[in-house]
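The values are calculated or read from the model by the stated rules, or taken from the named source; none is laboratory data. Quick caveat, the model's predicted, so the values are computed rather than measured. Cβ placement follows ideal geometry from the backbone for every residue including glycine, while neighbour counts extend to all protein chains displayed.
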Amino acid sequence: MNIKFLLLTIPFFVMSQSAERISVHMFDLPESLSIQDFKQDIDLLNAIYEENGFGADRYKIYAVKESDQVKKYRYLWMSTWKSDVEYENAHNEAVRTLFSNYFAPKYQSVLDTEIYRKLFLVKE
């Protein structure tokens, strides 16, 4: 590998991108599930984060206005993390178990059709 290339490109990436990250999920719910149900289940995950010292309301839910005519991706589920390390530490066994055994089966159709992105803060 060319060491000059590495020495020139690494500072660019370090300076242009922060470790702070967000995870965003744009989604719709089937008619059989309400946004209130979804929010209540997200609050179960948030309770684990808060109990483990990661703060309250790590996951937030947003919606377009009811009057908005958009047909797809009317909801946004978002979380903000200081870094990938914080994200990984927060997603401990309790979170993974709740997600795998309860949340994923209940919301599989949502997870199958969502748009998910992991984004990092861009700094100048």
Go through (1) outside any loop (DSSP other than H, G, I, E, B); (2) exposed (fewer than 15 other Cβ atoms within 10 Å of the Cβ); (3) touching a helix residue (DSSP H, G or I) at 6+ places or on another chain (Cβ under 6 Å) and name the single condition Pro30 misses. (1)
Looking at this structure, is Lys60 touching a Phe, Trp or Tyr at 6+ places or on another chain (Cβ under 9 Å), within 20 Å of Tyr116 (Cβ to Cβ) and not aliphatic (A, V, I, L, M)? yes
Is it true that Glu20 is within 13 Å of the chain's Cα centre (by Cα) and modelled with pLDDT under 95? yes
Going through Leu121, Leu45, Leu111 one at a time, which residue ends up being within 21 Å of Glu20 (Cα to Cα) and either in contact with a helix residue (DSSP H, G or I) (Cβ under 7 Å, 6 or more places away or on another chain) or among the aromatic types (Phe, Trp, Tyr) (or both)? Leu45
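Just wondering, is there one or more residues in region 63-74 that are aliphatic (A, V, I, L, M) and closer than 14 Å to Leu98 by Cβ?
Checked region 63-74: no residue is aliphatic (A, V, I, L, M) and closer than 14 Å to Leu98 by Cβ.
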Residue match in region 60-70 (condition: out of contact with any Leu (no Cβ under 8 Å at 6 or more places or on another chain) and either small (Gly, Ala, Ser) or assigned to a helix (DSSP H, G or I) (or both)): yes
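Looking at Ile42, Ile61, Ile35, can you tell me which residue is touching a residue at least 24 places away in the same chain (Cβ under 8 Å) and surrounded by fewer than 16 Cβ atoms within 10 Å (Cβ to Cβ)?
Details: Ile42 fails: surrounded by fewer than 16 Cβ atoms within 10 Å (Cβ to Cβ); Ile61 fails: surrounded by fewer than 16 Cβ atoms within 10 Å (Cβ to Cβ).
The unique qualifying residue is Ile35.
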For region 64-98: of the residues being farther than 16 Å from Arg117 by Cα and among the hydrophobic types (A, V, I, L, M, F, W, C), which is surrounded by the fewest Cβ atoms within 10 Å (Cβ to Cβ)? Val70
Taking Glu88 as meeting all but one of (1) in a helix (DSSP H, G or I); (2) within 19 Å of Gln36 (Cβ to Cβ); (3) within 13 Å of the chain's Cα centre (by Cα), write down the number of the exception. (2)
